[in-house]
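Below is one structure, written out as structure tokens; the observations come after it.
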Ligand SMILES: Nc1ncnc2c1ncn2[C@@H]1O[C@H](COP(=O)(O)OP(=O)(O)OP(=O)(O)O)[C@@H](O)[C@H]1O
Ligand SMILES: [Mg+2]
């Protein structure tokens, strides 16, 4: 059974449907990248899973517990890191963690060690006695992650944990996530910075305007979508003729664009047969200098899928 | 075992409070004011040569000191709690706190205890001055203890009130405004009249307010037991209401909030009735009773009028559907108020005959509340911000009463006083017929405002539709 499951999950704010009929499944040990542009409904979904927002309709369960009916049980299982959060004034890093540890009923005798552990994990040990409000943004984010890990949750709901971090801090967060993955946690991580998720997630779900556009294994989605490759073609003279030829092949080719003299075309024909395009070009005696198939990345998938929704 | 009793919220907020520089500034200012008051009154009394003995002087100085202390505690305590929860909301720390296994009541309780700890600190800080006066001699130890008990009781009550406001409000500014608003208007004191009476007695009280005059049948310890019991119960109820408002969506717990409010209402009724014990069953009795009951209704039902969501349907039957109570819609208020009135009437039957209020009094209360609700209904549609609606409502109620009461004073004409009755139950009714006149007036006023709300709303919708088709 999936550890996180939603059935027709819907949230409405007045007339606005923020999340519409969302059906999501996350298996134990999955790292799901939850991707969507601004206002897509990522935060709304995650807050519903975290029992902080009541769904208008539909259900969501975490480890078999309904988020509306058994919020206490769900809260013990999840660790939630909000996209925006504050910290208390006049509190030191270890005191902040000590507060949450005691709130999570960690026995006093174990707290000290636990705090040292999560601080080490998030690389904050040297900041132990600093005041929380004096930490930098990235450090606060790591502190929040440390707090999230205190009660050893099985499922982590992380809402844009890398937002607003410098590249170095991002890499560090990513390393941390990999470590958590190795610890066997199930993680849902939202982001609009896609390439970042590629090497830590094994699944992705793309959402736009509250609708789930696509979800599943990254590889499978790639394969499903790489029915269309991007072809990059360079020609010796003006690209006009080449573009005309490509456009006449509309069955196999979609979206022809010219950027800096390089032609980019989406090939949607039968896989492994794009040599036909070269033939067609050769027939019209187009002087092809180079012809290459670009590897698809997450960004491409994202752009293609979400564009589809706009059209 | 001890660990189970540990409240992390208490520790956390006390730590924060004791670390902030503001707290010490506040304590020092408090001590300065106390010291100044003692020194100035000492100077005055000595220069006026009123007291030939130091013992008499000590007693007067002690009274002055304790009264000042009581006043300062009453001013400072609500400030300690009025932002306790709104600050967490504003600083965005609240979600993380809610997700911990701490119960909502534990969160509220921790905040409350931490505020009370500070109240105790304030009281204790004043003891050196008190010790000095004791050293002069002539102060009754029991009387002194009584007064400190009262200071603590007021602290408990005000702290829980501030906390409830901060749980209800979305921003700190609003919470402070509402807390002190209710506090400044004497509503809150009347609200828990039993306690007010105890306080009045301890501080000498006005002739009319002396409990011994009102309650000849109660001995001192009974009065105390009642006062303390009522305070603690009211505090507990308020903390429960506050905890209920911590749900992600306060509307989820609407039915429970209303149940608790109903209990608070019954408590106020009891307090009001005890207040009238021993007094003759004259109109004065009913009057006092009415004022308190209505005040109670205003303080607790009005916020609920405005925090509800307007239902879309306008058919009367939808308004009276019990489900609307559960979601806390604006329209469910008449139903809720009807239930409260029913509770009051039932409770009334258990009173000895001379204390029972007349059916006319209840009819008056019902009609008045109908009118207040209808005005709130009007505002909640016209002003689409619930707190704006609340302020407009309370503002209107006060404003009219104030204007007409002042006109009455200025021109010495009773008719102005009668007009003040449009928005406030004024204490001018000598005859039962005075009550009777207002029943139909309130009914008509209420109907008018509901009717005009619906008319305006329909017109607005038509305009919106035309706008969208164009
Ligand atoms: N409290 C609210 N009241 C009304 N509308 C809201 C509320 N919260 C969110 N919305 C709306 O719901 C939609 C989804 O918002 P959400 O915050 O879930 O998006 P998101 O995917 O997290 O976006 P971002 O990438 O910017 O964080 C938005 O259109 C937003 O305006
Ligand atoms: Mg978001």
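Please give the length that would be gained between residue A:123 and residue A:293 if that part of the chain were fully extended, namely 0.36 nm times their separation in residues minus their C-alpha to C-alpha distance (nm, one decimal). Provide the component values of the computation, followed by the final result.
Numbers: separation 170, 0.36 × 170 = 61.20 nm, distance 4.16 nm.
Full-extension gain reported as 57.0 nm.
Averaged over its residues, how many other protein chain Cβ atoms are within 10 Å of peptide B:81-94's Cβ atoms?
Values: counts 0, 0, 0, 0, 0, 0, 3, 2, 1, 1, 6, 6, 6, 3.
Per-residue shielding by partner chains comes out at 2.
Could you put B:90, B:461, A:160 in order, starting from the residue whose Cβ has the fewest other Cβ atoms within 10 Å?
Numbers: B:90 15, B:461 10, A:160 21.
Least to most surrounded, the residues fall as B:461, B:90, A:160.
Can you order the peptides A:52-58, B:341-347 by their average number of other Cβ atoms within 10 Å per residue, highest first?
Values: A:52-58: 17.0, B:341-347: 15.3.
My ranking of the peptides, most packed first, is A:52-58, B:341-347.
Could you work out, residue by residue across B:102-112, how many beta carbons of other chains sit within 10 Å of that residue's beta carbon, and then give the average as an integer?
Working: counts 4, 1, 0, 0, 1, 1, 0, 0, 1, 0, 0.
Taking the mean over all residues of the peptide, I get 1.
May I have the pair-distance distribution P(r) for the range A:228-297, computed from all Cα-Cα distances with 5 Å bins from 0 and rounded to whole percent?
3, 18, 34, 29, 13, 3, 0
What list do you get for B:154, A:290, B:166, B:449 if you sort them by fewest beta carbons within 10 Å?
Details: B:154 23, A:290 9, B:166 30, B:449 18.
Exposure proxy ranking, most exposed first: A:290, B:449, B:154, B:166.
On a 0 to 90 degree scale, rounded to 10, what angle separates helix A:298-310 from the longest Cα axis of chain A?
80
How far is it, in nm, from the label point at residue A:278 to the one at residue A:70 when both lie 7 Å from their Cα along the line to the Cβ?
6.0
Mind checking the mean number of beta-carbon atoms from other chains within 10 Å of the Cβ atoms in A:102-111? Spell out each step's value before the answer.
Working: counts 9, 13, 5, 7, 0, 1, 3, 1, 0, 0.
Across the residues of A:102-111, the mean count of other-chain Cβ atoms within 10 Å is 4.
Could you order peptides A:197-203, A:109-115 by the average number of other Cβ atoms within 10 Å of their residues, highest first?
Working: A:197-203: 18.3, A:109-115: 14.1.
Listed from highest to lowest mean packing, they are A:197-203, A:109-115.
Translational diffusion coefficient of chain A at 20 °C, 1.002 mPa s, Stokes-Einstein with Kirkwood Rh over Cα pairs, in µm²/s as a whole number. Display every interim value, and only then the final one.
Numbers: Rh = 21.9 Å.
It diffuses with D of about 98 µm²/s by this estimate.
Once you place label points 7 Å from the Cα toward the Cβ at residue A:54 and residue A:16, how far apart are they in nm?
For residue A:54 paired with residue A:16, the spin-label model returns 2.1 nm.
For a footprinting-style exposure proxy, rank B:368, B:148, A:275 by other Cβ within 10 Å, fewest first.
Numbers: B:368 27, B:148 16, A:275 9.
So the residues, fewest neighbours to most, are A:275, B:148, B:368.
In degrees between 0 and 90, to the nearest 10, how far off the longest principal axis of chain A does helix A:93-103 point, with axes built from Cα atoms?
Tilt of helix A:93-103: around 80 degrees.
Pop a pseudo-label 7 angstrom from the Cα along the beta-carbon direction at both residue A:182 and residue B:145 and give the gap in nm to one decimal.
Inter-label distance under the simple model: 6.7 nm.
Give me the Debye-computed log₁₀ of I(q)/I(0) at q = 0.09, 0.10, 0.14, 0.21 Å⁻¹ for the range B:18-174, equal point scatterers on Cα only, no solvent, two decimals.
-0.38, -0.46, -0.75, -1.29
How far is helix A:108-121 tilted off the main Cα axis of chain A, in degrees rounded to 10, range 0 to 90?
20
Coordinate-derived values only; no laboratory data. Remember, it's a predicted structure, so these values are computed and weren't measured experimentally. Neighbour counts are summed over all protein chains in view; Cβ atoms, including those assigned to glycine, are modelled from backbone coordinates with ideal geometry.
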